[in-house]
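Asks: Dumping the structure here so I can ask a few things about it.
The values are calculated or read from the model by the stated rules, or taken from the named source; none is laboratory data. From a predicted model like this one, the values you see are computed outputs, not experimental measurements. When we count neighbours, we look across all protein chains shown, and the Cβ atoms used for this are built from the backbone with ideal geometry, even at glycine.
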């Protein structure tokens with residue numbers, strides 16, 4: 001499995017959150033309480049992330065993101081170390097839910113933002 005490049009920085013703390021995906025399905029009844037049941041036992045979290053990259057780091061990220069043997073344009077799972085509430089930084093599998101955005105901040109600095117699906 002591919003891995004997030006170790007030469008690139010970790011995500012910023014600002015805006016970082018772990019949002020567990022609802023594992024239940026709810027059916028409203030005409031009368032009485034709703035029926036709720038577990039859809040899956042597989043844990044999946046969504047994590048909005050932002051990174052600050054230099055021009056060189058952005059080039060490295062884009063090459064890695066687009067490479068079919070690495071992130072495959074966001075469709076492939078990759079290994080990454082993140083804080084997901086399991087006691088410090090944890091090795092997880094992640095993939096992007098869509099294309100990240102690139103915001104030019106000036107000089108040679110870029111903010112890259114996106115959302116990851118994370119499974120432990």
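Asks: With the requirement that a residue be without any contact (Cβ under 8 Å) to a residue 60 or more places away in the chain and crowded, with 17+ Cβ neighbours inside 10 Å, what does segment 75-111 give you?
Replies: 92, 95, 96, 100, 110
Asks: Something else now. Quick one: in segment 41-62, of everything that is within 16 Å of residue 119 (Cα to Cα) and surrounded by fewer than 11 Cβ atoms within 10 Å (Cβ to Cβ), which residue is nearest to the chain's Cα centre (by Cα)?
Replies: 42
Asks: Considering only residues that are out of contact with any strand residue (DSSP E or B) (no Cβ under 6 Å at 6 or more places or on another chain), within 30 Å of residue 108 (Cβ to Cβ), assigned to a loop (DSSP other than H, G, I, E, B) and at pLDDT 85 or above, which ones fall in segment 10-56?
Replies: The answer is 10, and nothing else.
Asks: Of all the residues that make up segment 63-74, how many are out of contact with any strand residue (DSSP E or B) (no Cβ under 6 Å at 6 or more places or on another chain) and either crowded, with 16+ Cβ neighbours inside 10 Å or at pLDDT below 85 (or both)?
Replies: Within segment 63-74, residues that are out of contact with any strand residue (DSSP E or B) (no Cβ under 6 Å at 6 or more places or on another chain) and either crowded, with 16+ Cβ neighbours inside 10 Å or at pLDDT below 85 (or both) number 3.
Asks: Then there's this: Before we move on, is residue 19 under 14 Å from the mean Cα position of the chain (by Cα), free of Cβ contacts under 8 Å to residues at least 60 places away in the same chain and under 20 Å from residue 98 (Cβ atoms)?
Replies: Yes; evaluated as a whole, the condition is true for this residue.
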